Each structure stands twice: as C-alpha cells, then as structure tokens.
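Notes to accompany the following structure.
Please treat every number below as a calculation from the coordinates, not as lab data. These figures come from a predicted structure and were not determined experimentally. Every residue, glycine among them, receives a Cβ derived from its backbone with ideal geometry; neighbour counts consider all protein chains shown.
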Amino acid sequence: WLYGTGGGLAQAHIFCGSKNDSSAGRDIHGFMGQDLAGKTVGIVGMGSIGKEIAKRCSAFDMDILYYNRSQLAAEEEKEAGSASYCKNLESCLKRADFLFLVVPLNPKTKGLISSKQLAMMKPTAHLINIARGEVVDTDDLTSALQKGEISAAALDVTAPEPLPEDHKLRSMENVILTPHIGSATLECRLRMAWMALDN
C-alpha cells in the first residue's frame, strides 16, 4: 500500500521542482490530493499479498472489493477488511477508485488489462500494477492516460522492462515508475532471505 500512496509524494516533488505554477497559468488545484477514506479499492488477485493490501486499506476506512478466481471464505474476507467479492472483473473495474493488480503472469492473465478494461474504469481511477508488466497492455495504458480515460498509474513493473528511454510513460506527470523494487525494504528482504534459508 505504501507503494501506491507514495506515488503522491513523487508527484508533489515533480510539481515543486517545476517552473510551472499558478502564476504561469497552471491550475493550483492540480497539486491537491484526495482523501482515501470512503474511497473504493479494487484488488485483482486476492492471494497473500492482496490480503495484506486489503488490511492496510481497511485502516484508511476504504471500501474493499476484490476479484479472484474463487471467493474467499467468510472468515478470510473479514480478516481482509471485510472485503466484498466481485463475481466478474468488470464489476471491480467500474467501481474502483484505486485498482491494484496482484496476479501471477500466466496465459489467462497476460493482457488482462487492455483498452476494453481501461475504458470501463472511472476517469478519476488510479491503476497500480505490482504484478507483472505483461498483465497490462502498455500501449493501451499509455493511450488511456493520454486521453484521460483514467487519472493516473503507478507501475513497479512494465512491459518491456525496463521501458525504452524515450517511452512516453517516462515523461508523463500522472505516471509513477519504479524499477521492480516494490518489495525493497530491509525487513522484507530479510524475511525473504530467511525463507530461502528455511527451504
């Protein structure tokens, strides 16, 4: 969750470092964020990582939806912030203010999010991909962001990875890119090392 919310700090840095401001014709309201409380988060892929995201979103008083190949048991849904199951992806896409992609890459999830799915999302929605780059059609996402079909994207993974230096996503102010380091905290890497040793 910190990956998604941290994107706001990066956008603030870009704004403050810019020569453009309200006196130069830039709308100062573009610098304003939005409350998380009361917003709806959609989690596509409710495995162990998805559940942890849901718990953190619950602390922000967000409404939690999830789409998964199978519905969780009632007790698991309760532990995941009283998450509500969406029987189809379309329902999750249409209702989410923040959409997390947390699925493995396989033939069924490759290209899971393309122009058709992006068009279903709110124009104010944020897409956060911490799964695999090929889960999202990069060209379609670029187009959707340029057209304002969705508001912003935070991408820890891309296709290709890394993106070419001259790729449009690199210069867009409503896009946050990180080089596949969403798990790069000292504590997480220590846990990963201990897991490897245990195996």
Quick calc: nm separation of the 7 Å Cα→Cβ label points for R189 and E76 -> 3.2 nm
Counting other Cβ atoms within 10 Å, which trypsin sites (Lys or Arg not before Pro) in segment 62-115 have at most 15 and lie in a DSSP loop? R69, K87, K108, K110
Would you mind counting up the charge near L93? Only other residues with Cβ under 12 Å from its Cβ, with Lys and Arg at +1 and Asp and Glu at -1. +1
Could you run the Karplus curve 6.51 cos²θ - 1.76 cosθ + 1.60 with θ = phi - 60° over segment 141-155 and give me ³J(HN,Hα) per residue in whole Hz, x for Gly and Pro? 5, 4, 5, 4, 5, 5, 7, x, 5, 10, 7, 7, 9, 10, 10
If amide H atoms are modeled at 1.01 Å from N in the peptide plane, then the residues at a separation of 5 or more from M172, or on another chain, having amide H under 5 Å from its own are none
Quick check: net charge around I64, other residues with Cβ under 14 Å of its Cβ, Lys/Arg +1 and Asp/Glu -1? -1
Kindly flag which residue pairs out of K55/K94; K87/K116; K55/K116 have an alpha-carbon separation exceeding 27 Å in this structure. K55/K116
